[in-house]
Amino acid sequence: MCDILLRMLRQTLQTCALVCLAASSPIQGQSAVSPQTVPAAPTRADILRGEYGPYRANNDLLSYDLRVRVDPDKKFIRGTNTIKFRMLKDDARIQLDLFANLAIDRIAFRGADLKYEREINTVYVDFPETLRKNHEYAIDFHYSGNPTETGRFGGITFKKDAGGHTWINTACQHVGASVWWPNKDQYPDEVENMRLSVAIPSDLVDVSNGKFVRKVDLGDGYTRWDWQIHYPINNYSVSLNIGDYVHFADTADGKTLDFYALSEDLDKAKRQFVQAKSMMEAFQKYFGEYPFKKDGYKLIEVPYSGMEHQSAVTYGNRFANGYLERDWTGVGISPRFDFIIVHESAHEWFGNAVTAADVSDEWIHEAWATYAEGVYVEHMWGKADGLKYLNGYVSKVRNRDPIVAPRGVNKVPPQDMYFKGALFINTLRSIVDNDKRWWAILRDYYRDFRYRNIMTEDVVRFFNRKIGKDLTPAFNQYLRRPELPALELRFDAADATVSYRWKAAEPGFDMPIKVGRRTAWLTIRPTATWQTMKLEMAKEDFDVATDLYFVTVTGKPARASSRTRPGARP
Ligand SMILES: [Zn+2]
């Protein structure tokens, strides 16, 4: 990332922290039915992890060269990360991260040991001289210890497979990659490329990110596996998968697909992983070329459900369709495909290539990957099924907190960033109301932002420009406020009219919406002011296209709701 971008981003982060905190303040809460939770004050640890402070902003990462040696029996890791960076201003201190339970053996710079200061999981590194703006530097960060298993997927886990073989995996999104290796553990700044060397007992296989370069027998019972990552990569994507892996391969749409399964699961993997072919075809067709061509696409069996590790997507969905054998959106479509193969691979386009610059804006990953599931369904089984699949997510939406979380404080957004976010993107498609144009916009969105770290403001600017309409209030209503916009209807039987207006917390909220008969929708353009139109049908037959536009409707006679509402699902 260039320094101008970093500077702009830092300004954005500071400004937006205020705007966003204000938007999520309960004083601004508009709805009595969906009370907002008061955000907990960030801890010192959250600020240290989340804030893009002066000792992070004063440098731009260039590369990591991480060499680790893993002892499965002792659950012990020892390694060195050579961190290359360019100074963006004169300074003598930088901020890195390594979990406090891991030892710093030494931090070396030009052959001498550097001083450092640790605070919780932060490591401030001090240089004996001022580092100069625009100059490049490299330090060797040596560390060791027994990493802690923590977080949803374990961070780093030391397990055994059913056959008793060692099985070690990392999955540390939100926990932080510094749970197992030292790095600049934040979102906005990514290295341009990375080398990863993993020394393990010679009877095991390591599958990591990037292109496999070589393996070297170290002569002491250990073998080193070398991987080269040719693209920017976020820290949590960097992964180890060490086990009794076997490899097989296939091709799809001009891309090689490399699959790694435990030897005991090879047959099941061969049956299930074939779905990666239609995934690759669908996403290359609708979004654009697979982003990490030089690194290749890998799908790797792991003991947790799955994770979007860049060019090394991990899979633990029990070799069954749906999500952990459930009909995930509850409308009979999820059992047709493997949720993890489709969702986690979609992150290669949205999450890994197009990346949020703060965890607060992670809908840029999750809403888009969830929407991409609908795109996959549409590619495979048609538009009606895609729409039905996405609307199955309605029952999972909570409307309790804004999708964009407070910034700079390591705050993970609420679950609505997935499901409500995807339904909002579907709403945007209905606003565009022209499929050819919509798919062209999505391809441009991916092309313009790939390999970049962006914020919600960048997305809003892009869509405003492409759609040719200021949709900022709509983005704000869906992303920065908890409650859905409501279409208010008022029927007048005597006049045979219906009046309509938007009721939304966001000032200036307006968007078109389709109403009337399902077989021949009429597009109306409500605003906050009442407008009236002739009612050409019985009021009970007047419908609103709530499967195309994710809104609530008030004042409509009870009979018909156009949305298929599935039963509540876990
Ligand atoms: Zn995801």
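The values are calculated or read from the model by the stated rules, or taken from the named source; none is laboratory data. As the structure is a computational prediction, the values presented were derived from the model and not from experiment. Glycine gets a Cβ as well: all are built from the backbone with ideal geometry, and neighbour counts include every protein chain shown.
Give me the strands (runs of 3 or more DSSP E) completely within segment 119-171, filtered to those with at least 3 residues that are of a type in the set (A, V, I, L, M), ordered by residue number.
Qualifying strands (runs of 3 or more DSSP E): 122-131.
Collect the residues in segment 379-400 that are more than 14 Å from the ligand (Cβ to nearest atom) and touching a Leu at 6+ places or on another chain (Cβ under 8 Å), keeping them in residue-number order.
LEU387, LEU390, ASN391, VAL394, VAL397, ASN399
Determine whether segment 126-138 contains at least one residue that is buried (at least 21 other Cβ atoms within 10 Å of the Cβ) and not assigned by TED's automatic domain parsing to the domain that holds HIS365.
Within segment 126-138, none of the residues are buried (at least 21 other Cβ atoms within 10 Å of the Cβ) and not assigned by TED's automatic domain parsing to the domain that holds HIS365.
Exactly one of these conditions fails for ALA112: (1) more than 30 Å from LEU266 (Cβ to Cβ); (2) modelled with pLDDT under 95. Give me its number.
Exception for ALA112: condition (2).
Considering each of ASN321, ASN317 in turn, give the residue that is farther than 26 Å from LYS184 by Cα, within 20 Å of the chain's Cα centre (by Cα) and polar (S, T, N, Q).
ASN317
Condition first: assigned to a loop (DSSP other than H, G, I, E, B), in contact with an Asp or Glu (Cβ under 8 Å, 6 or more places away or on another chain) and not small (Gly, Ala, Ser). Now tell me which residues in segment 322-375 satisfy that.
ILE333, HIS347, GLU348, ASN352 - these are the residues of segment 322-375 that are assigned to a loop (DSSP other than H, G, I, E, B), in contact with an Asp or Glu (Cβ under 8 Å, 6 or more places away or on another chain) and not small (Gly, Ala, Ser).
Considering segment 206-227 alone, what residues qualify as being within 20 Å of THR256 (Cα to Cα) and part of a strand (DSSP E or B)?
ASP206, LYS211, PHE212, VAL213, ARG214, ASP226, TRP227 - these are the residues of segment 206-227 that are within 20 Å of THR256 (Cα to Cα) and part of a strand (DSSP E or B).
One line per residue, one yes/no per condition, for (1) within 25 Å of ASP206 (Cβ to Cβ); (2) modelled with pLDDT of 95 or more; (3) within 13 Å of the ligand (Cβ to nearest atom); (4) in the same structural domain as VAL459 (by TED's automatic domain parsing):
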{"residue": "ALA261", "(1), (2), (3), (4)": "yes, yes, no, yes"}
{"residue": "ASP265", "(1), (2), (3), (4)": "yes, yes, no, yes"}
{"residue": "ALA276", "(1), (2), (3), (4)": "yes, yes, no, yes"}
{"residue": "GLY296", "(1), (2), (3), (4)": "yes, yes, no, yes"}
{"residue": "ASN321", "(1), (2), (3), (4)": "no, yes, no, yes"}
{"residue": "TRP328", "(1), (2), (3), (4)": "no, yes, yes, yes"}
{"residue": "ALA346", "(1), (2), (3), (4)": "no, yes, yes, yes"}
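For segment 330-344, which residues satisfy the criterion of being touching a residue at least 60 places away in the same chain (Cβ under 8 Å) and within 16 Å of the ligand (Cβ to nearest atom)?
PHE337, ASP338, ILE341, VAL342
Residues being basic (Lys, Arg) and out of contact with any Gly (no Cβ under 9 Å at 6 or more places or on another chain): count how many of those fall in segment 291-336.
Within segment 291-336, residues that are basic (Lys, Arg) and out of contact with any Gly (no Cβ under 9 Å at 6 or more places or on another chain) number 4.
Answer yes or no: is there a residue in segment 298-307 that is in a loop (DSSP other than H, G, I, E, B) and on the phi > 0 side of the Ramachandran plot.
Looking through segment 298-307, none of the residues is in a loop (DSSP other than H, G, I, E, B) and on the phi > 0 side of the Ramachandran plot.
Restricting attention to segment 84-106, which residues are among the hydrophobic types (A, V, I, L, M, F, W, C), assigned to a strand (DSSP E or B) and touching a Ser or Thr at 6+ places or on another chain (Cβ under 8 Å)?
Of everything in segment 84-106, those that are among the hydrophobic types (A, V, I, L, M, F, W, C), assigned to a strand (DSSP E or B) and touching a Ser or Thr at 6+ places or on another chain (Cβ under 8 Å) turn out to be ALA92, LEU96, ALA103.
Does segment 406-419 include one or more residues that are aliphatic (A, V, I, L, M), under 14 Å from the mean Cα position of the chain (by Cα), within 16 Å of the ligand (Cβ to nearest atom) and part of a loop (DSSP other than H, G, I, E, B)?
yes
Being under 16 Å from ALA171 (Cα atoms), more than 11 Å from the ligand (Cβ to nearest atom), touching a residue at least 12 places away in the same chain (Cβ under 8 Å) and touching an Asp or Glu at 6+ places or on another chain (Cβ under 6 Å): is that true of SER311 here?
Yes.
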